Amino acid sequence: MGKSDRRRFLKGVAAVAGGATVAIPKGTSAQTFRPANGTTALPSAAMQSREREQPAEVERLTTEKTGSDFMVDVCKTLNLDYIAACPGSTFRGLQESFINYGANKHPEWLTCLHEEVSVGMAHGYAKVAGKPMAAIMHGTVGTQHAAMAIYNAYCDRVPIILFTGNAGPLNERRPGVEWFHSVQDGAATVRDFVKWDDYPKSLQHFAESTVRGYALACAEPSGPVFLVADSKLQEDPLAEREARKLRIPRLTMPSQAAGDPNALREAAKMMVAADHPVIIADRYARSQAAMDNLVELAELLHAPVIDNRSRMNMPNTHYLCQSERAGTLIGQADCILSLEPVDLFGQLNSMRDQIERTDMPRTKADAKVISISTHDLFVHSNYQDFQRYVGADLNIAADAQTTLPFLIEAVQREMSASGRNAGEMRGEKLRQAYHDAIDRARTEATFAWDARPISTARLYMELWGQLQKEDWALVSDGDFSSRWPHRLWPLDKHYRFIGGPGGYGVGYQPVAALGAALAHRDAGGRVVINVEGDGEFNMAPHTLWTAAHHRIPYLTIIQNNRAYHQEAMHIQRMANRHNRGVRSAALGTSIDNPNIDYAKIATGYGALGIGPIEDPSDLAEAFRKGIAAVKTGQPVLIDVITQPR
């Protein structure tokens, strides 16, 4: 309809209406439309100008498929069961796609209340499940929150798949907060302590980098990988024509590097020829088969094993597990085999913490040292987790777990060729030393049996009394409990113990225990035990909410000495060094006045809270009640007031 036709039409409408009032468009002067002598006024110049303008652009609010849907398709091709996150807008597209398009399955979305929990949970999960879990962080601030947990996993050489969101192009960023949470280089904050990172610029790039990242994370030495998911890539519509061009690479898992056969033959000769061989296992075993191989090698050589407990390496029920005699055995050894040492220098030397620090060898001058490790394959410059350098007589750069079966074959061939076998007399002496150490530990555990605060030995023995008929797993370290679980409990299977904490960042224990408990739940419902200090728990008490929300059952026992006791001892040492006495060491290290009611905190987060327990005679009933609740699917916390260690 032309302009003149439209005017005639409007005149006709006015006439039919019998002079009725015409609706006046909002914002237009009423004078323009006032009828005069029964006719309608001509349009004003402003109205004519608006008629010539293009109609306003309608904001697009919906689309059938986005880039984040394809990202979910990529993740579903990987062996990822879970992705953990504290919510954040930089990955809103991905989150929506995971839970709706991806049906919240493989991976399932887990809600955490802090990014350090998300990443630490993935850390503990991987150590039990033997495969990565994913975590996602909110831009710059989420990555900074998560940095401590990422560093722990890096130091512990644990595979994790890490994502973060980022609003890349500046013209795509909403004013204000989105700028604060965006960055040019998303991995810059953590690059020194991840294995690999990338910022994909296209969906095809994302697919290839994510599959590559999964494989790299799992290749020994394993570690966290970090991928930036650009917000525009997540949220832009994905047309069917474009989608048909995208390809997801097939995941090919790398085989792990085994030691050079010539080097293994030389190692076998050295071990078989030794009169006092010793094996030190550190970050070695990732499976039950690896534990079994270590037992086989130790029995072939009648060699004692010192388990440094970075992993569950050697069953302490075997007489050749002689960890408590480490100093004596290393001093006597003429040949030492170290498997995946975290700190080879520290194994072979001792250092005195004094004003002028001095070190001295723990080994004999002519002792031969063999190292099988991936340590030299993954060293970064800035963070000093690589420890002090020491040269082994034979340094085999390979994955020790993969290499050990080949070393066993080499030892068997060498024994056959030389006609030499490890002395039975040495074996008998080791048996006697093993039983003497057990008797000594049991005797020492009776000291302060009825004391208040409760002794840590009493805590572990009362716990064992309730636990011994269960299929159980310990997901905490025992170093801050005088190593009582390793001295008193039978750690006979690989899943019994999770290993050490990696970077020793305070707060590792509650978050790693949560992830480990999730893996154990999926593996068949073992009773999971987590004994942690009050200082550790206070770093992440909100793990209990995630446990309650997602029905992850485990028993947390607070070894509550109402202090950061490790730091209190350091202050005492400094005060002694400065001749100032030790009475004020509690200032800045104690957690009292007021005392914290951890059972109430647990109840508030939806877990069962028990305690505080101050009388040692009440321990058995508290542990019985706690284990029974865990077996029904509840997370439980028991607060026990204990002596410092």
Requested in this report: Answer with yes or no whether Glu220 is in contact (Cβ under 8 Å) with a residue 12 or more places away in the chain, farther than 22 Å from Arg174 by Cβ and either touching a helix residue (DSSP H, G or I) at 6+ places or on another chain (Cβ under 7 Å) or not in a helix (DSSP H, G or I) (or both).
Outcome: yes
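Conditions tested, residue by residue: (1) in a loop (DSSP other than H, G, I, E, B); (2) in the same structural domain as Cys218 (by TED's automatic domain parsing); (3) among the aliphatic types (A, V, I, L, M).
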{"position": "Glu266", "(1), (2), (3)": "no, no, no"}
{"position": "Lys269", "(1), (2), (3)": "no, no, no"}
{"position": "Val272", "(1), (2), (3)": "no, no, yes"}
{"position": "Ile279", "(1), (2), (3)": "no, no, yes"}
{"position": "Arg283", "(1), (2), (3)": "yes, no, no"}
{"position": "Arg286", "(1), (2), (3)": "yes, no, no"}
{"position": "Ala289", "(1), (2), (3)": "no, no, yes"}
{"position": "Asn293", "(1), (2), (3)": "no, no, no"}
{"position": "Glu296", "(1), (2), (3)": "no, no, no"}
Query raised in the report: Quick one: which strands (runs of 3 or more DSSP E) sit completely within the stretch 97-169 and have at least 3 residues that are in contact with a Pro (Cβ under 7 Å, 6 or more places away or on another chain)?
Result: 160-166
Report task. Answer yes if at least one residue in the stretch 496-504 is surrounded by fewer than 20 Cβ atoms within 10 Å (Cβ to Cβ), under 32 Å from the mean Cα position of the chain (by Cα) and hydroxyl-bearing (Ser, Thr, Tyr), and no otherwise. Result -> yes
Query raised in the report: Right, Gly213: at pLDDT below 95 and surrounded by 23 or more Cβ atoms within 10 Å (Cβ to Cβ) or not?
Result: no
Query raised in the report: Any residue in the stretch 102-118 that is within 24 Å of Leu251 (Cα to Cα), in the same structural domain as Leu233 (by TED's automatic domain parsing) and either at pLDDT below 60 or β-branched (Val, Ile, Thr) (or both)?
Result: no
Report summary line: Being assigned by TED's automatic domain parsing to the domain that holds Ser617, of a type in the set (Val, Ile, Thr) and touching a Leu at 6+ places or on another chain (Cβ under 9 Å) narrows Ile396, Ile498, Ile408 down to just Ile498
Query raised in the report: What residue, among those in the stretch 91-111 that are in contact with a His (Cβ under 8 Å, 6 or more places away or on another chain) and farther than 18 Å from Ser209 by Cβ, is surrounded by the most Cβ atoms within 10 Å (Cβ to Cβ)?
Result: Leu110
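Provide a single number: the residues in the stretch 234-264 that are touching a Phe, Trp or Tyr at 6+ places or on another chain (Cβ under 9 Å), outside any helix (DSSP H, G or I) and more than 30 Å from Ser209 (Cβ to Cβ).
Narrowing the stretch 234-264 to residues touching a Phe, Trp or Tyr at 6+ places or on another chain (Cβ under 9 Å): 234, 238, 243, 246, 248, 251, 253, 258-259, 261, 264.
Next, from what is left, pick out any that are outside any helix (DSSP H, G or I): 238, 246, 248, 251, 253, 258-259.
Filter again for more than 30 Å from Ser209 (Cβ to Cβ), leaving 259.
So the count comes out to 1.
For the stretch 487-498, give me each residue that is within 19 Å of Arg521 (Cβ to Cβ) and in a loop (DSSP other than H, G, I, E, B).
Pass one, the stretch 487-498, residues within 19 Å of Arg521 (Cβ to Cβ): 493-498.
Across the stretch 487-498, the qualifying residues are Lys493, Ile498.
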Query raised in the report: Does at least one position in the stretch 527-539 carry a residue that is touching a strand residue (DSSP E or B) at 6+ places or on another chain (Cβ under 8 Å) and in a loop (DSSP other than H, G, I, E, B)?
Result: no
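Does the stretch 316-324 include one or more residues that are within 19 Å of Pro490 (Cα to Cα) and in a helix (DSSP H, G or I)? Reasoning before the result, please.
Of the stretch 316-324, the ones within 19 Å of Pro490 (Cα to Cα) are 316-324.
Remaining after also requiring in a helix (DSSP H, G or I): 323-324.
Yes, there is a match, as at least one residue in the stretch 316-324 is within 19 Å of Pro490 (Cα to Cα) and in a helix (DSSP H, G or I).
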Report task. Name the single residue, out of those in the stretch 325-370 being part of a strand (DSSP E or B) and not hydrophobic (A, V, I, L, M, F, W, C), that is surrounded by the most Cβ atoms within 10 Å (Cβ to Cβ). Result -> Ser338
**Report entry** Scan of the stretch 80-128 for residues that are of a type in the set (Lys, Arg) and under 25 Å from Pro510 (Cβ atoms), ordered by number
**Finding:** Lys127
Requested in this report: May I ask you to list the residues in the stretch 460-483 that are under 27 Å from the mean Cα position of the chain (by Cα), part of a helix (DSSP H, G or I) and surrounded by 20 or more Cβ atoms within 10 Å (Cβ to Cβ)?
Outcome: Tyr460, Leu463, Phe480, Ser481
Query raised in the report: Within the set of pairs 6 or more residues apart or between chains, which connect a residue that is in contact (Cβ under 8 Å) with a residue 60 or more places away in the chain and crowded, with 18+ Cβ neighbours inside 10 Å inside the stretch 582-600 to a residue that is assigned to a strand (DSSP E or B) and among the β-branched types (Val, Ile, Thr) with Cβ atoms less than 7 Å apart?
Result: Tyr598/Ile558
Query raised in the report: Do we find a residue being within 29 Å of the chain's Cα centre (by Cα) and either closer than 30 Å to Thr189 by Cβ or charged (D, E, K, R) (or both) anywhere in the stretch 399-409?
Result: yes
**Report entry** Among (1) touching a Lys or Arg at 6+ places or on another chain (Cβ under 6 Å); (2) charged (D, E, K, R); (3) at pLDDT 95 or above - the single one Glu172 does not satisfy
**Finding:** (3)
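Here is a list: Thr403, Thr443. Which entry is under 30 Å from Ala257 (Cα atoms) and part of a helix (DSSP H, G or I)?
Thr403
Let's see how each residue does on (1) assigned by TED's automatic domain parsing to the domain that holds Val342; (2) at pLDDT below 95:
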| position | (1), (2) |
| --- | --- |
| Ala367 | yes, no |
| His375 | yes, yes |
| Phe378 | yes, yes |
| Thr402 | yes, no |
| Asp439 | no, no |
| Arg458 | no, no |
| Met461 | no, no |
| Leu467 | no, no |
Query raised in the report: Limited to the stretch 601-645, what total is found for residues that are touching a helix residue (DSSP H, G or I) at 6+ places or on another chain (Cβ under 9 Å), surrounded by fewer than 16 Cβ atoms within 10 Å (Cβ to Cβ) and in a loop (DSSP other than H, G, I, E, B)?
Result: 2
Requested in this report: Return the residue satisfying two criteria in turn: it lies in the stretch 300-315 and is of a type in the set (A, V, I, L, M, F, W, C) and in a strand (DSSP E or B), and of such residues it is farthest from Asp385 (Cα to Cα).
Outcome: Val305
Requested in this report: Can you run down the residue pairs with Cβ atoms below 8 Å, 6 or more apart or on separate chains, where the first is in the stretch 364-393 and on the phi < 0 side of the Ramachandran plot and the partner is loosely packed, with under 13 Cβ neighbours inside 10 Å?
Outcome: Phe386/Val379
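The values are calculated or read from the model by the stated rules, or taken from the named source; none is laboratory data. Being a predicted model, the structure only gives us computed values, none of them experimental. Counting neighbours? That spans all protein chains shown, and the Cβs are built from the backbone with ideal geometry, glycine included.
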